[in-house]
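The values are calculated or read from the model by the stated rules, or taken from the named source; none is laboratory data. The structure presented is a predicted model; accordingly, all values stated were derived computationally and were not measured. All Cβ positions, even for glycine, are placed from backbone atoms using ideal geometry, and neighbour counts span all protein chains on display.
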Amino acid sequence: MNGTALTPELLLALLAGGGVGGGLVLFTAAVVGWTRKPATSASAAQQIGRFLRRRAAAALVVGLVVLVVMRWPVAAVAAALLVLFWSSLFGGVAAERAALARVEALAMWTESLRDTIASAAGLEAAISASARTAGDSLRPYLVALDDRITYRMPMDQALRRLATDLNDGGADKVIGQLIQASKLSGEGLREVLTDLSQDARANVAMRNRIFASRSGTRRSVQIVVGVIVSMVVGLRVFNPAYTEPFGTVQGQAVLVVVFGLFAFGLVWLQRLSRVPAPNRFLIDAEGSTA
């Protein structure tokens, strides 16, 4: 592949151009200022800002290392973008585990309601008796539910608020049946809770299988990425003559196309590993979905 070689002078010119562009952005931000966030969301905004700053710093460091080792600006930008969007491509495991833990705790709480209802005066008393003994991932939501009921919020409205707090389609199914069960009493209520606990357990088993299959797909994608990155870096470091044509301007343009196709493949694989969550169907007191 013929073309202009990527000389140190050209590399410095590219870096100088990037520095000038970054300086203009910072100057504009200093003059115009940033839009302030509402005070109510300051804590969440600060946490997100700190996370983004750490991720951006890691991406910058990786990009500079790749630039020094490989001397390919396109590869440096691609590596920085890969680090920056790593969570979007391969993350979400912690959130999935937390949601699964809440659904499993909800199934256990439903079984506790079923066992408590025989000695309690009704569903309200069973909720009060079982709320503070529920699993750690669900206890704060159930304590809030008990407090709402204690302060005379209607049962169906309090349960809808619980569905809004959990924000999970699987939990909506359980809570929707609890709303119907709140209109029953005696043997009918116990039978409904028995069926509900069995259905909740089946939902937990299904979501465990889905989580396991997604973990396998996500791990396969990470292995593919690791092998490809290792191969490219290894060829560049240990056999630079083979990759010399990519050091030209035309070679860098080809790399843009190659890395673009690679990014498209990563996004596609990530979507294959994503299983849509159950749709929400309960609405809150204001009439909007959680």
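Taking region 225-251 as the range and being within 33 Å of the chain's Cα centre (by Cα) and surrounded by 13 or more Cβ atoms within 10 Å (Cβ to Cβ) as the test, the residues that pass are Val225, Ile228, Val229, Val232, Val233. When Ala120 is tested against (1) modelled with pLDDT of 85 or more; (2) surrounded by fewer than 18 Cβ atoms within 10 Å (Cβ to Cβ); (3) farther than 24 Å from Arg219 by Cβ; (4) among the aliphatic types (A, V, I, L, M), just one condition goes unmet, and that condition is (1). Please find, within region 58-113, the residue that is nearest to Ile210 (Cα to Cα) out of those that are over 24 Å from the mean Cα position of the chain (by Cα) and of a type in the set (D, E, K, R). Out of the qualifying residues, it is Glu111. Give region 211-221 a look and list any residue that's of a type outside the set (Gly, Ala, Ser) and loosely packed, with under 14 Cβ neighbours inside 10 Å, or say none. If the condition is that a residue be of a type outside the set (Gly, Ala, Ser) and loosely packed, with under 14 Cβ neighbours inside 10 Å, then Arg219 is the only one that fits. The residues of region 123-134 include none that are within 34 Å of the chain's Cα centre (by Cα), small (Gly, Ala, Ser) and surrounded by fewer than 16 Cβ atoms within 10 Å (Cβ to Cβ). Of all residues in region 144-195, those being touching a residue at least 24 places away in the same chain (Cβ under 8 Å), over 22 Å from Arg207 (Cβ atoms) and within 26 Å of the chain's Cα centre (by Cα) number 2.
Could you check region 211-233 and list, in sequence order, the residues that are touching a residue at least 40 places away in the same chain (Cβ under 8 Å) and more than 30 Å from Ala95 (Cβ to Cβ)? Val232, Val233 - these are the residues of region 211-233 that are touching a residue at least 40 places away in the same chain (Cβ under 8 Å) and more than 30 Å from Ala95 (Cβ to Cβ). Checking the stated criteria, Thr194 turns out not to satisfy the condition of being at pLDDT 80 or above, out of contact with any Gly (no Cβ under 6 Å at 6 or more places or on another chain) and either more than 30 Å from Trp268 (Cβ to Cβ) or of a type in the set (Ser, Thr, Tyr) (or both).
Got at least one residue in region 163-171 being at pLDDT 80 or above, acidic (Asp, Glu) and surrounded by fewer than 19 Cβ atoms within 10 Å (Cβ to Cβ)? Yes, region 163-171 contains a residue that is at pLDDT 80 or above, acidic (Asp, Glu) and surrounded by fewer than 19 Cβ atoms within 10 Å (Cβ to Cβ). Flag: Arg160 matches the condition of being surrounded by 19 or more Cβ atoms within 10 Å (Cβ to Cβ) and either among the charged types (D, E, K, R) or at pLDDT 80 or above (or both). Exactly one residue out of Arg207, Arg236, Arg271 is in contact (Cβ under 8 Å) with a residue 60 or more places away in the chain, of a type in the set (Lys, Arg), closer than 26 Å to Ala79 by Cβ and part of a helix (DSSP H, G or I): that is Arg236.
If you check Thr217, Thr243 for being modelled with pLDDT of 80 or more and either of a type in the set (Ser, Thr, Tyr) or in contact with a Cys (Cβ under 8 Å, 6 or more places away or on another chain) (or both), only one passes: Thr243.
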